[in-house]
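Engineer: One structure, as structure tokens, below. Some questions next.
The values are calculated or read from the model by the stated rules, or taken from the named source; none is laboratory data. Predicted, not measured: the structure shown is a model, and the values here were computed from it. With ideal geometry, Cβ positions are generated from the backbone for all residues, glycine too; neighbour counts draw on all protein chains shown. Keep in mind that these areas ignore ligands, DNA and RNA; they rest on the heavy atoms of the full protein, side chains included. Shrake-Rupley method; radii C 1.70, N 1.55, O 1.52, S 1.80 Å.
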Amino acid sequence: MDVTREDVLRCARLADLRLEEAEIEPMRRAMEELLTHAQSLDALDLAGVEPTTHALPMTLPRREDAVVASFTQAQALANAPDAAEGLFRVPKAL
Amino acid sequence: MAAGTVLEWREGLDQGDLSAVSLVQAAFDRMDRLEPTLNALVWRDREGALGAAREADRRLHAGERSPMLGVPFILKDNFNWAGTPMGCGSKILQGYQSPYDATVVARLLRAGAVPLAKANMDEFAMGSSGEYSAFGPTRNPWDGSRVPGGSSSGSIVSVAASYAPFALGSDTGGSVRLPAGFCNVTALRPTYGVLSRHGLTAMASSLDQPGPVARSAADLAKGFAVLAGRDPLDSTSVDIPGAERLEDLRPADLAGLRIGLPKEYFGEGIEAPVREAVAAALKVFESQGAILEEVSLPHTAWALDTYYLLCTSEVGSNLSRFDGVRYGARVPDGGFHAMLAATRDAGLGAEVKRRILLGTFCLSKGYYEAFYLKALKARTLIAADFAKAFAKVDVLATPTSPALPFRFGEKSADPIAMYLADAYSVAAPLAALPCMSIPAGFAPSPDTPSKRLPVGLQLIGPALSDVRLLELAHAFQCCTDHHAQSPDLST
């Protein structure tokens, strides 16, 4: 399994990660080794096998659709690095 | 007093021979003495703990009796505890103060248990050794040159070093069991959903479970009694049968118990001292009338790859919330996306970045079917292996880890070597099964034969058999004293 420098940079962009130049090659190598290792799954016959996302059989419980106490605006904003007028403030996106 | 158990302390508190305040004072004296060496904690508050202890003493004087009233405990630093900092072993949450209690924390506090401290951990619970914390590594109290195991390194070491007789860790692929085996304590990873995840910082949501830690199964059951059960705030949470047996745990009758030994876990990869200690522990079960039987879990060889594909994929998604917008330390750098990237670059360590990148790759266009979907299907086969085994036997027993605690730096530069440390602990979580590590015995340290290193025995049960599993462990601990052994921390 080949992982290229461009693959690493593409994933970093998608994940909003910045990599220092010195980090890129070790990351590329680690990803390549781990994904090559993971190709062991190709040896399994998975035809007709259902995927499992939740291993315990259960139905999703429902709750009453009622208004209950939750975080106040002040609590939600208490950890904000920057907030103004009751909102999280961030740098310009566009 | 320092090395007391939950059972002893509960009795002393009820009879008025002990006070919660005196237990807290002794615990802080011990932490002050040992923390410069062990580094198991990231935050502690003596005054706050004394306040909680005084309230517990007031309730005791008023005649209240309950399984954890007045008992000190320690929390892994990925649980929210209102009004205190939470760092998850990462720099990115610098300055974060929890605005609410995790359900498991709220239940312990309501029961009158006394919180002492937040415990060190591998960053965002990603690690098998305790070396990947931004706040420095935790040391194994049995041999300071060796790792305690991770990621719940601090919670486990806190119990092993007798800071507190009870702690909460979390287990995604082995994070309470692996360190419990390395440090000679008892830890349970419950059936997925038995403990609420509300307020536990998510790593891999389909696998994460809070994991209680104590010296013995009987102690652990006291805490588990107040923790277990459905929580309306976690839609995957479930009630547990037999919960009423936890508060006063009785040993199971081992006569006729069928213990399955999966042959894939007893192959060539096990270090000899681990094999010997586990064999001796199994003999104890046999001497009490249990029947040992070889079974096969044929897809074991694929469990590790399946686990790491699913785990990293979920990590890639879950960790996107740490971006300097709503909490944590923001690093401004021009526009919005530059700020996110600068914040994450400054705040996240190499292992976390590696897993985010891998997960992002596995979920990206063209690779989803090749990796993530394949892993979900392999998970089905792995769960089916267990179901087949449990048609023949009552419980499975394996070593917790094929190896003794390793030296610092031995695996930290090689991601695959580090992931292989989890080889025996990742399969049961994929199948949502309850499993625990209990002290099985000791082996001489390879470099310093005068030092002993612990070996863990892993028990895996069918879904929702958590109480039964604790009763089996308790029966074993009634005939052995490995769990009562403490490391020598006198100097």
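Engineer: Which pairs turn up if I take residues in region B:376-387 that are facing chain A (nearest Cβ under 7 Å) and modelled with pLDDT of 95 or more and look for partners that are open to solvent by 30 Å² or more (accessible area, probe 1.4 Å) and in a helix (DSSP H, G or I) with beta carbon separation below 8 Å, at least 6 apart in sequence or on another chain?
Structural biologist: Once the first residue is facing chain A (nearest Cβ under 7 Å) and modelled with pLDDT of 95 or more and sits in region B:376-387, its partners that are open to solvent by 30 Å² or more (accessible area, probe 1.4 Å) and in a helix (DSSP H, G or I) give B:378/B:302; B:381/B:302.
Engineer: Residues being open to solvent by 30 Å² or more (accessible area, probe 1.4 Å), among the charged types (D, E, K, R) and facing chain A (nearest Cβ under 8 Å): count how many of those fall in region B:321-344.
Structural biologist: Summing the residues that are open to solvent by 30 Å² or more (accessible area, probe 1.4 Å), among the charged types (D, E, K, R) and facing chain A (nearest Cβ under 8 Å) in region B:321-344 gives 2.
Engineer: Let me ask something else about it. Please go through region A:41-54 and give me each residue that is within 7 Å of another protein chain (Cβ to nearest Cβ) and either open to solvent by less than 30 Å² (accessible area, probe 1.4 Å) or modelled with pLDDT of 95 or more (or both), ordered by number.
Structural biologist: Of everything in region A:41-54, those that are within 7 Å of another protein chain (Cβ to nearest Cβ) and either open to solvent by less than 30 Å² (accessible area, probe 1.4 Å) or modelled with pLDDT of 95 or more (or both) turn out to be A:41, A:44, A:46, A:49, A:50, A:51, A:52.
Engineer: Which members of region A:10-23 meet the condition of being more than 8 Å from every other protein chain (Cβ to nearest Cβ) and farther than 23 Å from residue B:332 by Cβ?
Structural biologist: Passing the criteria: only A:22.
Condition check ((1) hydroxyl-bearing (Ser, Thr, Tyr); (2) open to solvent by less than 10 Å² (accessible area, probe 1.4 Å)) across all residues:
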residue	(1), (2)
B:346	no, no
B:374	no, no
B:380	yes, no
B:399	no, yes
B:413	no, no
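Engineer: Just to verify a result, which residue in region A:24-40, among those that are facing another protein chain (nearest Cβ under 8 Å) and of a type in the set (A, V, I, L, M, F, W, C), is farthest from residue B:373 (Cα to Cα)?
Structural biologist: Only one residue tops the list, namely A:27.
Engineer: Restricting to region B:310-320, and then to whatever is at the interface with another protein chain (Cβ under 9 Å from one of its Cβ atoms) and more than 21 Å from the chain's Cα centre (by Cα), can you tell me which residue is surrounded by the fewest Cβ atoms within 10 Å (Cβ to Cβ)?
Structural biologist: In this case the residue turns out to be B:320.
Engineer: Looking at region B:427-459 only, could you name the residues that are in contact with a Phe, Trp or Tyr (Cβ under 8 Å, 6 or more places away or on another chain) and within 13 Å of chain A (Cβ to nearest Cβ)?
Structural biologist: B:427, B:428, B:429, B:430, B:431, B:432, B:433
Engineer: What residue, among those in region A:71-87 that are at the interface with another protein chain (Cβ under 10 Å from one of its Cβ atoms) and in a loop (DSSP other than H, G, I, E, B), is modelled with the lowest pLDDT?
Structural biologist: If we take residues in region A:71-87 being at the interface with another protein chain (Cβ under 10 Å from one of its Cβ atoms) and in a loop (DSSP other than H, G, I, E, B), then A:71 is modelled with the lowest pLDDT.
Engineer: Suppose we filter B:13, B:69 for residues that are under 23 Å from residue B:216 (Cα atoms), over 24 Å from the mean Cα position of the chain (by Cα) and surrounded by 16 or more Cβ atoms within 10 Å (Cβ to Cβ); which single one remains?
Structural biologist: B:13
Engineer: Please give the number of the condition residue B:249 fails out of (1) over 30 Å from residue B:229 (Cα atoms); (2) surrounded by 21 or more Cβ atoms within 10 Å (Cβ to Cβ).
Structural biologist: (1)
Engineer: Which residue, of B:349, B:366, is under 22 Å from residue A:1 (Cα atoms) and either among the polar types (S, T, N, Q) or more than 7 Å from chain A (Cβ to nearest Cβ) (or both)?
Structural biologist: The unique qualifying residue is B:366.
Engineer: Quick one: which of B:282, B:249 is more than 10 Å from chain A (Cβ to nearest Cβ) and part of a loop (DSSP other than H, G, I, E, B)?
Structural biologist: Going through B:282, B:249 in turn, just one is more than 10 Å from chain A (Cβ to nearest Cβ) and part of a loop (DSSP other than H, G, I, E, B): B:249.
Engineer: Related question: Whether any residue in region B:446-460 is under 19 Å from residue B:267 (Cβ atoms), among the polar types (S, T, N, Q) and crowded, with 20+ Cβ neighbours inside 10 Å is what I want to check.
Structural biologist: Within region B:446-460, one or more residues are under 19 Å from residue B:267 (Cβ atoms), among the polar types (S, T, N, Q) and crowded, with 20+ Cβ neighbours inside 10 Å.
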